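K.L.:
Right, I'll just put the structure down here and ask away after.
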Amino acid sequence: MGCLYKMFPVEGFLDLQAIDLDGAREALKNVHSGASLLSGWIPLDFVWCSRIKKSDAYPDACPTYLSSWVVNGAFVDCFCDVAEDCVEFLPVSVEGSAWFVLNCLKKVSSYEKGQSIVYISPYSEEIFLVQWLVISNDALGKADIFTLAGSNNSVFFVTDKIKSAIESSGICGVGFKVIGQVV
C-alpha cells in the first residue's frame, strides 16, 4: 500500500549545536515518547556550526541530540497541513530566530514480526534498531508519523504522505530512506 521512511540529514548544510549540551540532552530525552511536552517546556538555544565540511547553507530541518529534529516555520507549516494531530512543535531559538523541536505524538503498537527486521535488547527488551519494518494499514491507522511502542523512541517513521508533502514544499536539508512498507 505504501512505503515507510526514515528521515536523514542531507549533506552540504550547516549543523546545529545546543549552547547548553547537558540541558539539551535532558530536555530532549523524552521527545518522541508519545507524550506532549509543551507543559513545562523550557526553550533551548542553538547555534549554527559546520562540523565536517565547510558550508554556509541553512537547512529547514536539522537533526540534533537523541534523534530530535529542529525545524523552521516552513517545516511546521508543511506538517500542520498533513499531520497536525501526530506531532507537536516545541519552541527553541536558533541564534535568536524562532525554530521548533518536532515531537512525535503517535505510537504504533504492532508490526508484522515475521516480515520485519527489528532488534530487541536482551537486557531491556526494548527495540533499539529497525532495519526493515512492515506494518498493516489497520495497525497504522491515521498515524503518518510515528514511533514504535516498545522502542527507545530514537527513530520516528513517516509515510508516503509526509514524504510527498515535504518534498513538494521545497523543504531543504532532509532526505528519506525507505525502511519498510505498509501492507
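The values are calculated or read from the model by the stated rules, or taken from the named source; none is laboratory data. These numbers were taken from a predicted model, which means no experiment stands behind them. Because the Cβ atoms are built from the backbone with ideal geometry, glycine has one as well, and the counts that use them run over all protein chains shown.
K.L.:
What number of residues in region 89-130 are outside any loop (DSSP other than H, G, I, E, B), among the aliphatic types (A, V, I, L, M) and closer than 20 Å to residue 162 by Cα? Talk me through it step by step, then tell me what you get.
P.N.:
First, the residues of region 89-130 that are outside any loop (DSSP other than H, G, I, E, B): 89-94, 97-104, 107-108, 117-120, 127-130.
Then keep just the ones that are among the aliphatic types (A, V, I, L, M); that gives 90, 92, 94, 98, 101-102, 108, 117-118, 120, 127, 129-130.
Among the residues that remain, those that are also closer than 20 Å to residue 162 by Cα are: 90, 101-102, 108, 130.
Here the count works out to 5.
K.L.:
Related question: Quick check on region 34-51: of everything there that is part of a loop (DSSP other than H, G, I, E, B) and buried (at least 16 other Cβ atoms within 10 Å of the Cβ), which residue is farthest from the chain's Cα centre (by Cα)?
P.N.:
Only one residue tops the list, namely 44.
K.L.:
Another question, then. Take region 37-70 and flag every residue that is at pLDDT below 85 and either over 22 Å from residue 154 (Cα atoms) or touching a strand residue (DSSP E or B) at 6+ places or on another chain (Cβ under 6 Å) (or both).
P.N.:
At the first step, the residues of region 37-70 found to be at pLDDT below 85 are 50-56, 65-67.
Across region 37-70, the qualifying residues are 50, 51, 52, 53, 54, 55, 56.
K.L.:
While we're on this one: Name the residues in region 15-30 that are modelled with pLDDT of 90 or more, within 18 Å of the chain's Cα centre (by Cα) and in a loop (DSSP other than H, G, I, E, B), would you?
P.N.:
If the condition is that a residue be modelled with pLDDT of 90 or more, within 18 Å of the chain's Cα centre (by Cα) and in a loop (DSSP other than H, G, I, E, B), then no residue fits.
K.L.:
Under 7 Å by Cβ, and 6 or more places apart or on different chains, what pairs join a residue from region 153-171 that is over 18 Å from residue 118 (Cβ atoms) with one that is of a type in the set (Gly, Ala, Ser) and buried (at least 19 other Cβ atoms within 10 Å of the Cβ)?
P.N.:
162/83; 171/61
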